[in-house]
1. On the basis of being in contact with a Lys or Arg (Cβ under 9 Å, 6 or more places away or on another chain), touching a residue at least 12 places away in the same chain (Cβ under 8 Å) and farther than 22 Å from residue 88 by Cα, does residue 229 make the cut?
2. Could you check residue 415 against (1) modelled with pLDDT of 95 or more; (2) open to solvent by 50 Å² or more (accessible area, probe 1.4 Å); (3) under 23 Å from residue 340 (Cα atoms) and say which number it fails?
3. Being aliphatic (A, V, I, L, M) and in contact (Cβ under 8 Å) with a residue 40 or more places away in the chain narrows it down to one residue among 148, 161, 139; which is it?
4. Out of everything in segment 197-241 that is among the β-branched types (Val, Ile, Thr) and in contact with a Pro (Cβ under 8 Å, 6 or more places away or on another chain), what residue ends up being farthest from residue 86 (Cα to Cα)?
5. Any residue at all in segment 41-56 that is of a type outside the set (Phe, Trp, Tyr), farther than 28 Å from residue 79 by Cα, modelled with pLDDT under 90 and surrounded by fewer than 16 Cβ atoms within 10 Å (Cβ to Cβ)?
6. Looking only at segment 450-463, decide whether some residue is open to solvent by 30 Å² or more (accessible area, probe 1.4 Å), of a type in the set (Lys, Arg), modelled with pLDDT of 80 or more and over 21 Å from residue 260 (Cβ atoms).
7. Being among the aliphatic types (A, V, I, L, M) and modelled with pLDDT under 95 is the filter; apply it to segment 248-281 and report the residue that is surrounded by the fewest Cβ atoms within 10 Å (Cβ to Cβ).
Amino acid sequence: MAEALCDGVAAPLPGRCAFYVIKKKRYCKMVIGRGKSFCGEHADADKDSERKRIPCPLDPKHTVFEDSLAKHLKKCNSKEKPKPVYYVKDINAGSVNEEEDVISEVSIAERTKEELDDLIGKLKTALKGLNIKPDSSILSHPALHEALNDPKNGNFAFKHLKQQASILGNMEALELLGPGRCYVEFGAGKGKLSHWIHVAIEQAKDIHFLLVERSSTRFKVDGKHKNTDAIFDRLQVDIQHLDLRKVPFLREKGLPVIAVGKHLCGAATDLTLRCLFEHNLKDQDCDPPTKRVKLNEGSEEDTKPGEELKVSGVAIALCCHHRCDWRHYVGKQFFRERGLGVREFDAFQRMSSWATCGMSRVGQGHKNLKQEEVRRTDEKQQKEEDVEEEEDEAEHEGSSETIPDNLNSAVSAEEREQIGRLCKTLIDQGRLHYLQQRGFKSNLSYYTSRDVSLENVLLTAVPI
(Lines give C-alpha, C1' and ligand atoms only; values in the text may rest on other atoms or scores of the structure.)
Protein backbone atom coordinates (compact mmCIF):
# COMPACT_ATOMS: atom_id res chain seq x y z
CA MET A 1 0.00 0.00 0.00
CA ALA A 2 2.87 2.34 0.89
CA GLU A 3 4.44 1.75 -2.55
CA ALA A 4 1.17 2.64 -4.23
CA LEU A 5 1.11 5.97 -2.40
CA CYS A 6 4.69 6.85 -3.46
CA ASP A 7 3.65 7.63 -7.01
CA GLY A 8 4.74 11.25 -7.16
CA VAL A 9 1.14 12.44 -6.78
CA ALA A 10 0.01 11.29 -3.34
CA ALA A 11 3.58 11.21 -2.03
CA PRO A 12 7.09 11.85 -3.38
CA LEU A 13 8.75 9.17 -5.47
CA PRO A 14 11.56 7.32 -3.65
CA GLY A 15 14.81 9.30 -3.83
CA ARG A 16 13.03 12.33 -5.31
CA CYS A 17 12.26 15.82 -4.06
CA ALA A 18 9.55 16.31 -1.42
CA PHE A 19 8.44 19.67 -2.82
CA TYR A 20 4.82 19.68 -4.06
CA VAL A 21 4.43 21.52 -7.39
CA ILE A 22 0.96 23.03 -7.22
CA LYS A 23 0.73 23.85 -10.94
CA LYS A 24 1.49 20.24 -11.95
CA LYS A 25 -0.52 18.64 -9.14
CA ARG A 26 2.38 16.39 -8.16
CA TYR A 27 5.67 16.29 -6.32
CA CYS A 28 8.91 17.43 -7.94
CA LYS A 29 10.71 14.57 -9.68
CA MET A 30 14.27 15.89 -9.31
CA VAL A 31 16.77 13.56 -7.67
CA ILE A 32 17.89 14.58 -4.16
CA GLY A 33 21.29 14.33 -2.52
CA ARG A 34 22.09 11.83 0.19
CA GLY A 35 20.44 12.81 3.45
CA LYS A 36 18.37 15.55 1.77
CA SER A 37 14.62 15.89 1.41
CA PHE A 38 14.60 18.52 -1.33
CA CYS A 39 16.42 19.02 -4.63
CA GLY A 40 18.72 21.99 -5.17
CA GLU A 41 15.98 24.03 -6.86
CA HIS A 42 13.64 23.63 -3.88
CA ALA A 43 16.27 23.62 -1.13
CA ASP A 44 14.83 26.84 0.30
CA ALA A 45 11.79 24.82 1.35
CA ASP A 46 14.03 22.93 3.78
CA LYS A 47 13.80 24.92 6.99
CA ASP A 48 16.84 23.12 8.40
CA SER A 49 19.10 24.29 5.58
CA GLU A 50 21.69 26.94 6.48
CA ARG A 51 22.19 28.06 2.87
CA LYS A 52 19.85 30.62 1.36
CA ARG A 53 18.54 30.41 -2.21
CA ILE A 54 17.71 33.48 -4.25
CA PRO A 55 16.16 34.01 -7.71
CA CYS A 56 18.73 33.96 -10.50
CA PRO A 57 19.20 37.55 -11.75
CA LEU A 58 19.37 36.26 -15.33
CA ASP A 59 16.13 34.29 -15.08
CA PRO A 60 13.99 34.52 -11.92
CA LYS A 61 12.17 31.33 -12.90
CA HIS A 62 14.93 29.36 -11.19
CA THR A 63 16.90 29.88 -7.99
CA VAL A 64 20.51 29.52 -6.91
CA PHE A 65 22.43 29.36 -3.63
CA GLU A 66 23.35 32.91 -2.69
CA ASP A 67 26.90 31.96 -1.80
CA SER A 68 27.33 30.28 -5.24
CA LEU A 69 25.86 33.08 -7.34
CA ALA A 70 29.10 34.19 -8.99
CA LYS A 71 29.93 30.62 -10.06
CA HIS A 72 26.38 30.03 -11.29
CA LEU A 73 26.30 33.16 -13.46
CA LYS A 74 29.28 31.89 -15.45
CA LYS A 75 27.44 28.74 -16.56
CA CYS A 76 23.73 29.63 -16.29
CA ASN A 77 21.75 28.46 -19.32
CA SER A 78 19.99 31.83 -19.34
CA LYS A 79 23.27 33.66 -19.84
CA GLU A 80 23.11 35.66 -23.04
CA LYS A 81 24.89 33.78 -25.77
CA PRO A 82 26.53 35.20 -28.88
CA LYS A 83 23.89 35.79 -31.53
CA PRO A 84 23.98 33.33 -34.45
CA VAL A 85 24.52 34.60 -37.98
CA TYR A 86 20.82 34.14 -38.80
CA TYR A 87 19.69 36.38 -35.91
CA VAL A 88 18.52 39.76 -37.20
CA LYS A 89 16.59 41.70 -34.58
CA ASP A 90 12.93 42.29 -35.50
CA ILE A 91 13.44 41.35 -39.16
CA ASN A 92 10.00 39.69 -39.22
CA ALA A 93 8.25 41.95 -36.71
CA GLY A 94 6.56 44.29 -39.15
CA SER A 95 5.98 47.92 -38.25
CA VAL A 96 3.20 50.29 -37.25
CA ASN A 97 2.79 53.94 -38.01
CA GLU A 98 2.88 56.49 -35.23
CA GLU A 99 -0.91 56.77 -35.00
CA GLU A 100 -1.40 53.02 -34.65
CA ASP A 101 1.40 52.77 -32.11
CA VAL A 102 -0.38 54.99 -29.57
CA ILE A 103 -3.82 53.36 -29.78
CA SER A 104 -4.73 52.01 -26.35
CA GLU A 105 -6.21 48.55 -26.08
CA VAL A 106 -9.80 48.24 -24.87
CA SER A 107 -11.01 45.00 -23.35
CA ILE A 108 -14.34 43.51 -24.37
CA ALA A 109 -15.62 43.96 -20.80
CA GLU A 110 -15.13 47.74 -21.13
CA ARG A 111 -17.24 48.05 -24.28
CA THR A 112 -20.92 48.89 -24.31
CA LYS A 113 -23.47 46.67 -26.01
CA GLU A 114 -23.86 49.32 -28.71
CA GLU A 115 -20.13 49.24 -29.42
CA LEU A 116 -20.17 45.45 -29.59
CA ASP A 117 -23.17 45.48 -31.94
CA ASP A 118 -21.30 47.91 -34.20
CA LEU A 119 -18.21 45.68 -34.22
CA ILE A 120 -20.26 42.58 -35.00
CA GLY A 121 -21.92 44.46 -37.87
CA LYS A 122 -18.51 45.43 -39.29
CA LEU A 123 -17.34 41.85 -38.92
CA LYS A 124 -20.23 40.41 -40.90
CA THR A 125 -19.97 43.11 -43.57
CA ALA A 126 -16.25 42.42 -44.05
CA LEU A 127 -16.93 38.73 -44.62
CA LYS A 128 -19.64 39.24 -47.27
CA GLY A 129 -18.75 37.66 -50.59
CA LEU A 130 -15.95 35.52 -49.14
CA ASN A 131 -15.87 31.75 -49.00
CA ILE A 132 -15.70 31.58 -45.22
CA LYS A 133 -16.44 27.89 -44.63
CA PRO A 134 -13.23 25.82 -44.64
CA ASP A 135 -13.22 22.57 -46.58
CA SER A 136 -13.31 19.33 -44.63
CA SER A 137 -10.03 17.49 -45.16
CA ILE A 138 -9.67 15.00 -42.30
CA LEU A 139 -7.07 12.60 -43.63
CA SER A 140 -4.54 10.13 -42.28
CA HIS A 141 -1.18 8.69 -43.26
CA PRO A 142 0.21 5.14 -43.17
CA ALA A 143 3.30 6.33 -41.27
CA LEU A 144 1.17 6.70 -38.14
CA HIS A 145 -1.11 3.68 -38.47
CA GLU A 146 0.91 1.57 -36.04
CA ALA A 147 1.05 4.31 -33.42
CA LEU A 148 -2.66 5.07 -33.84
CA ASN A 149 -3.48 1.43 -33.11
CA ASP A 150 -1.07 1.05 -30.19
CA PRO A 151 -3.13 0.59 -26.98
CA LYS A 152 -0.19 1.88 -24.92
CA ASN A 153 -0.92 5.40 -26.14
CA GLY A 154 -3.28 7.28 -23.85
CA ASN A 155 -6.29 9.28 -24.99
CA PHE A 156 -4.40 12.53 -25.24
CA ALA A 157 -1.47 11.01 -27.13
CA PHE A 158 -4.04 9.51 -29.51
CA LYS A 159 -5.50 12.98 -30.16
CA HIS A 160 -2.10 14.36 -31.08
CA LEU A 161 -1.38 11.39 -33.32
CA LYS A 162 -4.67 11.90 -35.20
CA GLN A 163 -3.78 15.53 -35.82
CA GLN A 164 -0.26 14.71 -36.98
CA ALA A 165 -1.59 11.96 -39.25
CA SER A 166 -4.05 14.36 -40.87
CA ILE A 167 -1.40 17.05 -41.38
CA LEU A 168 0.79 14.48 -43.13
CA GLY A 169 -2.18 13.26 -45.16
CA ASN A 170 -2.88 16.79 -46.35
CA MET A 171 0.79 17.36 -47.15
CA GLU A 172 0.87 14.18 -49.20
CA ALA A 173 -2.24 15.27 -51.09
CA LEU A 174 -0.42 18.49 -51.99
CA GLU A 175 2.72 16.54 -52.97
CA LEU A 176 4.74 18.16 -50.19
CA LEU A 177 6.32 14.90 -49.02
CA GLY A 178 9.34 13.90 -51.05
CA PRO A 179 13.13 14.00 -51.55
CA GLY A 180 15.39 16.98 -51.99
CA ARG A 181 13.66 19.31 -49.53
CA CYS A 182 14.24 21.13 -46.29
CA TYR A 183 11.37 20.92 -43.82
CA VAL A 184 11.31 23.88 -41.44
CA GLU A 185 9.13 23.26 -38.41
CA PHE A 186 8.24 26.57 -36.78
CA GLY A 187 7.37 26.49 -33.07
CA ALA A 188 8.78 22.96 -33.12
CA GLY A 189 8.72 22.19 -29.40
CA LYS A 190 9.77 18.56 -29.08
CA GLY A 191 9.85 18.18 -32.87
CA LYS A 192 7.21 15.47 -33.15
CA LEU A 193 5.74 16.73 -36.41
CA SER A 194 9.18 16.62 -38.03
CA HIS A 195 9.65 13.16 -36.56
CA TRP A 196 6.55 11.81 -38.28
CA ILE A 197 7.39 13.55 -41.55
CA HIS A 198 10.73 11.75 -41.48
CA VAL A 199 9.03 8.42 -40.73
CA ALA A 200 6.80 9.01 -43.75
CA ILE A 201 9.71 9.73 -46.13
CA GLU A 202 12.63 7.96 -44.44
CA GLN A 203 13.65 6.32 -47.73
CA ALA A 204 13.84 9.67 -49.51
CA LYS A 205 17.23 11.16 -50.34
CA ASP A 206 18.65 14.59 -49.50
CA ILE A 207 16.27 15.49 -46.67
CA HIS A 208 17.02 18.13 -44.07
CA PHE A 209 15.00 19.29 -41.06
CA LEU A 210 15.32 22.66 -39.34
CA LEU A 211 13.43 22.86 -36.04
CA VAL A 212 12.81 26.45 -34.95
CA GLU A 213 12.02 26.94 -31.26
CA ARG A 214 12.86 29.96 -29.12
CA SER A 215 13.13 28.08 -25.81
CA SER A 216 15.04 25.02 -24.72
CA THR A 217 12.82 21.94 -24.74
CA ARG A 218 12.79 18.67 -22.83
CA PHE A 219 11.93 15.28 -24.31
CA LYS A 220 13.09 16.26 -27.82
CA VAL A 221 12.67 13.48 -30.39
CA ASP A 222 15.55 14.66 -32.58
CA GLY A 223 17.81 12.03 -31.05
CA LYS A 224 15.79 9.24 -32.61
CA HIS A 225 17.18 10.22 -36.01
CA LYS A 226 20.90 10.48 -35.27
CA ASN A 227 21.72 7.33 -37.21
CA THR A 228 19.65 8.14 -40.28
CA ASP A 229 20.54 9.80 -43.56
CA ALA A 230 18.34 12.80 -42.77
CA ILE A 231 19.88 15.77 -40.97
CA PHE A 232 18.10 17.37 -38.01
CA ASP A 233 19.23 20.83 -36.86
CA ARG A 234 17.72 23.06 -34.21
CA LEU A 235 17.62 26.83 -34.38
CA GLN A 236 16.99 28.23 -30.90
CA VAL A 237 15.74 31.64 -31.92
CA ASP A 238 12.49 33.58 -31.84
CA ILE A 239 10.83 33.56 -35.26
CA GLN A 240 10.62 37.34 -34.99
CA HIS A 241 14.40 37.56 -35.36
CA LEU A 242 15.06 34.70 -37.80
CA ASP A 243 16.50 35.40 -41.25
CA LEU A 244 16.27 32.07 -43.06
CA ARG A 245 18.41 33.45 -45.87
CA LYS A 246 21.38 33.45 -43.52
CA VAL A 247 21.05 29.89 -42.22
CA PRO A 248 24.34 28.34 -43.43
CA PHE A 249 22.83 25.08 -44.63
CA LEU A 250 20.16 26.77 -46.74
CA ARG A 251 22.74 29.16 -48.16
CA GLU A 252 24.99 26.26 -49.17
CA LYS A 253 22.45 23.69 -50.41
CA GLY A 254 19.61 25.83 -51.67
CA LEU A 255 16.99 23.14 -51.02
CA PRO A 256 13.37 24.18 -51.45
CA VAL A 257 11.71 24.94 -48.12
CA ILE A 258 8.49 23.36 -46.83
CA ALA A 259 7.22 25.27 -43.78
CA VAL A 260 5.20 23.29 -41.24
CA GLY A 261 3.80 23.88 -37.78
CA LYS A 262 1.29 22.34 -35.40
CA HIS A 263 -0.73 24.79 -33.31
CA LEU A 264 1.50 27.72 -34.22
CA CYS A 265 0.23 30.15 -31.66
CA GLY A 266 -1.29 33.51 -32.61
CA ALA A 267 1.25 36.01 -33.91
CA ALA A 268 3.78 33.23 -34.49
CA THR A 269 1.90 32.31 -37.68
CA ASP A 270 2.27 35.86 -39.01
CA LEU A 271 5.92 35.99 -37.98
CA THR A 272 6.43 32.72 -39.86
CA LEU A 273 4.80 34.02 -43.03
CA ARG A 274 6.92 37.16 -42.86
CA CYS A 275 10.01 35.01 -42.31
CA LEU A 276 9.20 33.06 -45.47
CA PHE A 277 8.04 35.81 -47.80
CA GLU A 278 9.19 39.28 -46.75
CA HIS A 279 12.19 40.62 -48.64
CA ASN A 280 13.62 43.06 -46.13
CA LEU A 281 12.59 45.44 -43.38
CA LYS A 282 11.83 48.42 -45.58
CA ASP A 283 9.45 46.39 -47.77
CA GLN A 284 7.43 44.77 -45.00
CA ASP A 285 4.49 47.14 -45.04
CA CYS A 286 4.58 48.12 -48.70
CA ASP A 287 1.97 46.95 -51.13
CA PRO A 288 2.67 43.25 -51.78
CA PRO A 289 3.85 42.11 -55.23
CA THR A 290 1.55 40.21 -57.54
CA LYS A 291 3.83 37.20 -57.76
CA ARG A 292 5.74 35.01 -55.36
CA VAL A 293 8.57 36.78 -53.56
CA LYS A 294 11.99 35.13 -53.89
CA LEU A 295 14.47 35.97 -51.18
CA ASN A 296 18.20 36.41 -51.81
CA GLU A 297 20.28 34.22 -49.54
CA GLY A 298 22.86 35.44 -47.08
CA SER A 299 23.73 38.98 -46.07
CA GLU A 300 24.24 41.83 -48.51
CA GLU A 301 27.97 41.20 -48.34
CA ASP A 302 27.95 37.53 -49.28
CA THR A 303 24.91 37.24 -51.55
CA LYS A 304 25.72 35.77 -54.93
CA PRO A 305 23.69 36.45 -58.08
CA GLY A 306 20.98 33.85 -58.63
CA GLU A 307 20.84 32.59 -55.03
CA GLU A 308 17.34 32.54 -53.56
CA LEU A 309 15.22 30.99 -50.86
CA LYS A 310 12.67 28.78 -52.57
CA VAL A 311 9.44 28.24 -50.63
CA SER A 312 7.64 25.24 -52.07
CA GLY A 313 4.83 24.79 -49.60
CA VAL A 314 3.20 25.67 -46.28
CA ALA A 315 1.17 23.50 -43.89
CA ILE A 316 0.40 25.16 -40.56
CA ALA A 317 -2.25 24.15 -38.01
CA LEU A 318 -3.54 27.44 -36.63
CA CYS A 319 -4.52 28.41 -33.10
CA CYS A 320 -4.81 31.18 -30.52
CA HIS A 321 -6.04 34.03 -32.69
CA HIS A 322 -6.59 36.00 -29.47
CA ARG A 323 -2.78 36.22 -29.26
CA CYS A 324 -2.38 37.87 -32.65
CA ASP A 325 -0.79 41.31 -32.87
CA TRP A 326 -1.47 44.07 -35.40
CA ARG A 327 2.20 44.92 -35.81
CA HIS A 328 3.03 41.36 -36.87
CA TYR A 329 -0.21 40.63 -38.77
CA VAL A 330 0.29 40.03 -42.50
CA GLY A 331 -3.29 40.86 -43.49
CA LYS A 332 -3.20 44.61 -42.89
CA GLN A 333 -3.90 45.43 -46.54
CA PHE A 334 -6.84 42.99 -46.50
CA PHE A 335 -8.30 44.76 -43.46
CA ARG A 336 -7.75 48.24 -44.88
CA GLU A 337 -9.47 47.33 -48.14
CA ARG A 338 -12.55 46.60 -46.02
CA GLY A 339 -12.42 49.85 -44.11
CA LEU A 340 -10.99 48.17 -41.02
CA GLY A 341 -7.89 49.01 -39.03
CA VAL A 342 -6.03 48.40 -35.82
CA ARG A 343 -9.00 49.24 -33.56
CA GLU A 344 -11.24 46.64 -35.20
CA PHE A 345 -8.41 44.11 -35.33
CA ASP A 346 -7.77 44.53 -31.62
CA ALA A 347 -11.43 43.85 -30.87
CA PHE A 348 -11.76 40.91 -33.27
CA GLN A 349 -8.67 39.12 -31.98
CA ARG A 350 -10.05 39.40 -28.44
CA MET A 351 -13.52 38.21 -29.48
CA SER A 352 -11.99 35.27 -31.36
CA SER A 353 -11.52 33.50 -28.02
CA TRP A 354 -15.30 33.07 -27.85
CA ALA A 355 -14.95 30.33 -30.48
CA THR A 356 -13.28 28.05 -27.95
CA CYS A 357 -14.75 29.42 -24.70
CA GLY A 358 -18.07 30.83 -25.86
CA MET A 359 -20.27 28.12 -24.40
CA SER A 360 -19.89 29.42 -20.84
CA ARG A 361 -18.68 32.20 -18.65
CA VAL A 362 -14.98 32.35 -17.85
CA GLY A 363 -15.55 31.00 -14.35
CA GLN A 364 -17.15 27.87 -15.77
CA GLY A 365 -14.23 27.55 -18.20
CA HIS A 366 -11.82 27.58 -15.29
CA LYS A 367 -13.94 24.97 -13.53
CA ASN A 368 -13.76 22.74 -16.60
CA LEU A 369 -9.99 23.14 -16.73
CA LYS A 370 -9.72 22.04 -13.10
CA GLN A 371 -11.87 19.00 -13.83
CA GLU A 372 -9.58 18.23 -16.77
CA GLU A 373 -6.54 18.46 -14.50
CA VAL A 374 -8.09 15.94 -12.11
CA ARG A 375 -8.79 13.60 -15.00
CA ARG A 376 -5.18 13.89 -16.16
CA THR A 377 -3.96 13.04 -12.66
CA ASP A 378 -6.08 9.91 -12.63
CA GLU A 379 -4.59 8.73 -15.94
CA LYS A 380 -1.28 7.64 -14.41
CA GLN A 381 -0.18 5.75 -17.48
CA GLN A 382 0.23 9.02 -19.39
CA LYS A 383 3.83 10.01 -19.95
CA GLU A 384 5.02 13.27 -18.44
CA GLU A 385 5.80 14.82 -21.79
CA ASP A 386 2.24 14.21 -23.01
CA VAL A 387 0.84 15.78 -19.83
CA GLU A 388 2.91 18.89 -20.50
CA GLU A 389 1.56 19.09 -24.05
CA GLU A 390 -1.99 18.73 -22.75
CA GLU A 391 -1.47 21.60 -20.32
CA ASP A 392 -0.25 23.74 -23.20
CA GLU A 393 -3.23 22.89 -25.40
CA ALA A 394 -5.67 23.42 -22.52
CA GLU A 395 -4.16 26.88 -22.16
CA HIS A 396 -4.59 27.51 -25.91
CA GLU A 397 -8.22 26.42 -25.87
CA GLY A 398 -9.11 27.82 -22.47
CA SER A 399 -8.12 31.49 -22.73
CA SER A 400 -10.96 33.94 -23.06
CA GLU A 401 -11.94 37.55 -22.76
CA THR A 402 -14.22 38.29 -19.82
CA ILE A 403 -17.81 38.42 -21.05
CA PRO A 404 -19.66 41.44 -19.65
CA ASP A 405 -23.01 40.82 -17.98
CA ASN A 406 -24.88 42.97 -20.52
CA LEU A 407 -23.59 40.86 -23.42
CA ASN A 408 -24.04 37.61 -21.51
CA SER A 409 -27.74 38.36 -21.15
CA ALA A 410 -28.21 39.78 -24.65
CA VAL A 411 -26.26 37.28 -26.76
CA SER A 412 -26.58 33.54 -26.32
CA ALA A 413 -23.58 31.31 -25.77
CA GLU A 414 -24.13 29.73 -29.19
CA GLU A 415 -24.12 33.17 -30.86
CA ARG A 416 -20.93 34.14 -29.06
CA GLU A 417 -19.25 30.97 -30.25
CA GLN A 418 -20.33 31.70 -33.83
CA ILE A 419 -19.05 35.28 -33.59
CA GLY A 420 -15.74 33.99 -32.26
CA ARG A 421 -15.42 31.67 -35.25
CA LEU A 422 -16.17 34.53 -37.64
CA CYS A 423 -13.43 36.61 -36.00
CA LYS A 424 -10.94 33.79 -36.47
CA THR A 425 -12.09 33.36 -40.06
CA LEU A 426 -11.63 37.05 -40.88
CA ILE A 427 -8.10 37.05 -39.47
CA ASP A 428 -7.29 33.90 -41.47
CA GLN A 429 -8.78 35.37 -44.65
CA GLY A 430 -6.20 38.15 -44.36
CA ARG A 431 -3.49 35.49 -44.29
CA LEU A 432 -4.93 33.80 -47.39
CA HIS A 433 -4.95 37.14 -49.16
CA TYR A 434 -1.30 37.73 -48.23
CA LEU A 435 -0.26 34.35 -49.65
CA GLN A 436 -2.31 34.79 -52.82
CA GLN A 437 -0.64 38.15 -53.44
CA ARG A 438 2.67 36.33 -53.33
CA GLY A 439 1.77 33.82 -56.00
CA PHE A 440 0.53 30.97 -53.83
CA LYS A 441 -2.65 28.96 -53.96
CA SER A 442 -3.75 29.04 -50.32
CA ASN A 443 -6.52 27.24 -48.52
CA LEU A 444 -8.12 26.71 -45.11
CA SER A 445 -9.48 23.30 -44.16
CA TYR A 446 -10.79 21.41 -41.14
CA TYR A 447 -8.04 18.84 -40.67
CA THR A 448 -9.50 17.23 -37.55
CA SER A 449 -12.80 17.16 -35.68
CA ARG A 450 -13.64 19.54 -32.83
CA ASP A 451 -13.79 16.68 -30.32
CA VAL A 452 -10.09 16.08 -31.06
CA SER A 453 -9.12 19.77 -30.96
CA LEU A 454 -11.17 22.96 -30.87
CA GLU A 455 -8.36 24.55 -32.89
CA ASN A 456 -8.91 22.41 -35.97
CA VAL A 457 -8.07 24.58 -39.00
CA LEU A 458 -5.08 23.93 -41.26
CA LEU A 459 -3.57 26.63 -43.47
CA THR A 460 -1.92 25.25 -46.60
CA ALA A 461 -0.26 26.93 -49.56
CA VAL A 462 1.61 25.85 -52.70
CA PRO A 463 3.06 27.94 -55.53
CA ILE A 464 0.68 28.60 -58.41
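1. Yes; evaluated as a whole, the condition is true for this residue.
2. (1)
3. Details: 148 fails: in contact (Cβ under 8 Å) with a residue 40 or more places away in the chain; 161 fails: in contact (Cβ under 8 Å) with a residue 40 or more places away in the chain.
Exactly one of 148, 161, 139 is aliphatic (A, V, I, L, M) and in contact (Cβ under 8 Å) with a residue 40 or more places away in the chain, namely 139.
4. At the first step, the residues of segment 197-241 found to be among the β-branched types (Val, Ile, Thr) are 197, 199, 201, 207, 212, 217, 221, 228, 231, 237, 239.
Next, only the ones that are in contact with a Pro (Cβ under 8 Å, 6 or more places away or on another chain) stay: 201, 207, 237.
On the way: 201: 28, 207: 21, 237: 9 Å.
The qualifying residue farthest from residue 86 (Cα to Cα) is 201.
5. At the first step, the residues of segment 41-56 found to be of a type outside the set (Phe, Trp, Tyr) are 41-56.
Still in the running and farther than 28 Å from residue 79 by Cα: 47-48.
Then keep just the ones that are modelled with pLDDT under 90; that gives 47-48.
Those still in the list that are surrounded by fewer than 16 Cβ atoms within 10 Å (Cβ to Cβ) too: 47-48.
Yes, segment 41-56 contains at least one residue that is of a type outside the set (Phe, Trp, Tyr), farther than 28 Å from residue 79 by Cα, modelled with pLDDT under 90 and surrounded by fewer than 16 Cβ atoms within 10 Å (Cβ to Cβ).
6. Scanning segment 450-463 turns up at least one residue that is open to solvent by 30 Å² or more (accessible area, probe 1.4 Å), of a type in the set (Lys, Arg), modelled with pLDDT of 80 or more and over 21 Å from residue 260 (Cβ atoms).
7. Going through segment 248-281, the residues among the aliphatic types (A, V, I, L, M) turn out to be 250, 255, 257-260, 264, 267-268, 271, 273, 276, 281.
With modelled with pLDDT under 95 added as a condition, the list becomes 250, 255, 264, 281.
Working: 250: 24, 255: 19, 264: 25, 281: 15.
Restricting to residues being among the aliphatic types (A, V, I, L, M) and modelled with pLDDT under 95, the top hit is 281.
Results for (1) open to solvent by less than 20 Å² (accessible area, probe 1.4 Å); (2) more than 16 Å from residue 266 (Cβ to Cβ); (3) at pLDDT 95 or above, shown as yes or no for each residue.
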residue: 408; (1), (2), (3): no, yes, no
residue: 411; (1), (2), (3): yes, yes, no
residue: 424; (1), (2), (3): no, no, yes
residue: 430; (1), (2), (3): yes, no, yes
residue: 440; (1), (2), (3): yes, yes, yes
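The values are calculated or read from the model by the stated rules, or taken from the named source; none is laboratory data. Given the structure is predicted, the values throughout are model-derived calculations rather than measurements. Here the Cβ is made from the backbone with ideal geometry for all residues, glycine too, and neighbour counts use every protein chain on show. For accessibility, only protein heavy atoms count, side chains too; no ligands or nucleic acids. Shrake-Rupley method; radii C 1.70, N 1.55, O 1.52, S 1.80 Å.
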